[in-house]
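K.L.:
For reference, the structure I am asking about is given below.
Every number in this text was worked out from the coordinates using simple rules, so none of it is lab data. Just so you know, these numbers come straight off a predicted model, no measurement behind them. Cβ placement follows ideal geometry from the backbone for every residue including glycine, while neighbour counts extend to all protein chains displayed.
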Amino acid sequence: MANFSVDKNSCHIFSSFQHTSRYPTSRKNLKTSINIVHGNCLEKLKEVKPASIHLVVTDPPYFLDGLDAGWEKGKSDAPRNTGSVGGLPVGMKFDLKQGKRLQSFIGKIGDLLFSIMLPGAFGVFFSQPRLAHRMATGLEDAGFEIRDLLAWHFTKRAQFKAFSMDHFVDRMDKTEREKIKIKQKLRGRKTPQLRPQFEAMVLIQKPRDGTFINNWLEHETGLIDASVSLVSGFSPSSVMLVEKPNRQDYNRHLTVKPVKLIEHLIKLFSLPGQIVLDPFLGSGTTAVASINTQRSCVGIEIDKNYIEIAENRVKEGKK
């Protein structure tokens, strides 16, 4: 990455830069920087200067697949990514408190984000579809306007997770003849899990200062770039078809997002040179997309392994 110029506005939004990796960049005379911060965003967001962030794009933990609020395995009561829970396959046993825990957690994140985002600034939060309402409610309780529910649509490598009942019938204390009758009565019915082909994205906006025009003239936030589209000749849509990325040897993140999709979101809701924040940076997709779209990025990540992957992707320009 050539020309190590530094944009002071993006590099100094933190009160301190302890445990922070900075990657200044300069393209076409537009100075930007990528700042990767190791730590818990519940703490690190408190260090960000008020009204300094133009856009938030992030994929928070949903308390699924055995991951806790720190995005760490083995510290949650949620079902694991593989195997079964209490004899039931993953996805069949839902914890009714799960959504409430997510809402509470996202509400705390929202409270911190509200003060550091500029008036009119947008935020895009990825969510498991059945929990999107909890994600939205937590953010709305923090003071944000819920502008839309977007959909990341994909068609490939989407596993049909519905589970047959035959295994459970076989384990019943019944005669073989009775089991056959039960299976016939079930007629091949499976658990209520359709093949997933989209992931929800909650679009939020911090309330504006005055009108849309006044807010834009003051902060250059609050309006979208309607010329940006994933499909040439079509206006930007709330359904965005981008195939899932292939997992690379250097990047084994559980929920990695396609760079093309994040680039599209960044171009829709921000301007070149502005600052994009990802408080759950993961393996660094938002940072890579920010470089490609000439935005500065601040990414916070609690997992050291993902920090290393993100830093390598930024330095080597890996997709």
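K.L.:
Which net charge results for the neighbourhood of GLY99, defined as the other residues with beta-carbon distances under 11 angstrom from its beta-carbon, given Lys and Arg at +1 and Asp and Glu at -1?
P.N.:
+4
K.L.:
Going by amide H atoms built from the backbone, whose H comes under 5 Å of the H on GLY299, apart from near neighbours?
P.N.:
Answer set, sorted by chain and number: ASN35, ILE36, VAL37, ASP278.
K.L.:
On to the next question. HN-Hα J couplings of the range 193-208 from phi, Karplus 6.51/-1.76/1.60, θ = phi - 60°, integer Hz, Gly and Pro as x?
P.N.:
With the stated coefficients, the range 193-208 comes to 9, 6, 5, x, 9, 7, 10, 7, 9, 8, 9, 10, 9, 6, x, 7 Hz.
K.L.:
Suppose a student asked you for the relative contact order of the range 94-234, using Cα pairs under 8 Å spaced at least 6 residues apart; what percent would you report? Please report the intermediate quantities before stating the final value.
P.N.:
Values: 186 pairs, mean separation 51.7, N = 141.
About 37 percent, as a whole number.
K.L.:
Take the alpha carbon gyration tensor of the range 153-221, find the square roots of its eigenvalues, order them as a ≥ b ≥ c, and report rounded if a/c is under 1.5; if not, report prolate when a/b exceeds b/c, else oblate.
P.N.:
Prolate is the answer for the range 153-221, as a/c is 1.5 or above and a/b outweighs b/c.
K.L.:
Taking a threshold of 23 Å on the Cα-Cα distance, which of the pairs LYS156/LYS315; LYS260/LYS315; LYS257/LYS315; LYS97/LYS206; LYS244/LYS267 fall above it?
P.N.:
Checking Cα-Cα distances, LYS156/LYS315; LYS97/LYS206 exceed 23 Å.
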